[in-house]
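**Student:** Before we start, here is the structure in question, set down as structure tokens.
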Amino acid sequence: MGSATERVESTDDIGPLGSRVVIRPLDPGKMTESGLIEIPLSAQEDRRLAEVIAVGPGAISPYTGMLIEPRVKVGWLVLTVMHRGVDLHHGDDDRLKIIDESDCMCRVLRKGEAW
């Protein structure tokens, strides 16, 4: 299944549904000076560091019918699975992607940031 592409004008126009998350992939090489963990080249082939831009309201549990709130927050840096999701063109920034929250594998703390 290939990726679809959409275009929006502002991040204020983005409201992911369900457990979806909008991310902006980052170049990990540029981030190491600010104290981030450097990701080995072998791991960069199937994972990517990204900033969370927008988060949906969460998923509905098929067992209880209750809302399962998302764990990720806007502004977090996360390590995500590559080649998943939908490309989202945003003005001149063609790097946005819509992924499922489950494709966020872990949070990466910025220097001085606490859990």
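The values are calculated or read from the model by the stated rules, or taken from the named source; none is laboratory data. Quantities reported herein were computed from a predicted structural model and do not represent experimental measurements. Neighbour counts are summed over all protein chains in view; Cβ atoms, including those assigned to glycine, are modelled from backbone coordinates with ideal geometry.
**Student:** Restricting to region 60-99, count the residues that are assigned to a loop (DSSP other than H, G, I, E, B), surrounded by 12 or more Cβ atoms within 10 Å (Cβ to Cβ) and not aliphatic (A, V, I, L, M).
**Tutor:** From region 60-99, those assigned to a loop (DSSP other than H, G, I, E, B) are 61-66, 69-76, 82-85, 91-92; that's our starting set.
Now narrow it down to the ones that are surrounded by 12 or more Cβ atoms within 10 Å (Cβ to Cβ): 70-72, 74, 76, 82, 84-85.
Of the ones still in play, those that are also not aliphatic (A, V, I, L, M) are 70-71, 76, 84-85.
Number satisfying all stated conditions: 5.
**Student:** Quick one: GLY56 ticks every box in (1) at pLDDT 95 or above; (2) more than 14 Å from ILE23 (Cα to Cα) except a single one, so which number is it?
**Tutor:** The single condition GLY56 does not satisfy is (2).
**Student:** Specify the residue that is modelled with the highest pLDDT; the eligible residues are those in region 17-33 that are farther than 19 Å from LYS73 by Cα and surrounded by 14 or more Cβ atoms within 10 Å (Cβ to Cβ).
**Tutor:** Of all residues in region 17-33, those farther than 19 Å from LYS73 by Cα come to 27-33.
Going one step further and asking which of them are surrounded by 14 or more Cβ atoms within 10 Å (Cβ to Cβ), we end up with 28, 31.
Details: PRO28: 57, MET31: 51.
Per the stated criteria, the residue is PRO28.
**Student:** Still on this structure: Which numbered condition in (1) under 19 Å from ILE99 (Cβ atoms); (2) modelled with pLDDT of 75 or more is the only one that ALA4 fails?
**Tutor:** (2)
**Student:** Please verify whether region 92-101 includes one or more residues that are in contact with a Cys (Cβ under 9 Å, 6 or more places away or on another chain), touching a residue at least 12 places away in the same chain (Cβ under 8 Å) and among the aliphatic types (A, V, I, L, M). Before the answer, list the steps.
**Tutor:** Just the residues of region 92-101 that are in contact with a Cys (Cβ under 9 Å, 6 or more places away or on another chain), to begin with: none.
No: zero hits.
**Student:** What are the residues in region 100-109 that are of a type in the set (Asp, Glu) and either surrounded by fewer than 14 Cβ atoms within 10 Å (Cβ to Cβ) or outside any strand (DSSP E or B) (or both), if any?
**Tutor:** Step one: of region 100-109, the residues of a type in the set (Asp, Glu) are 100-101, 103.
Once the filter is applied, which keeps residues that are of a type in the set (Asp, Glu) and either surrounded by fewer than 14 Cβ atoms within 10 Å (Cβ to Cβ) or outside any strand (DSSP E or B) (or both), region 100-109 yields GLU101, ASP103.
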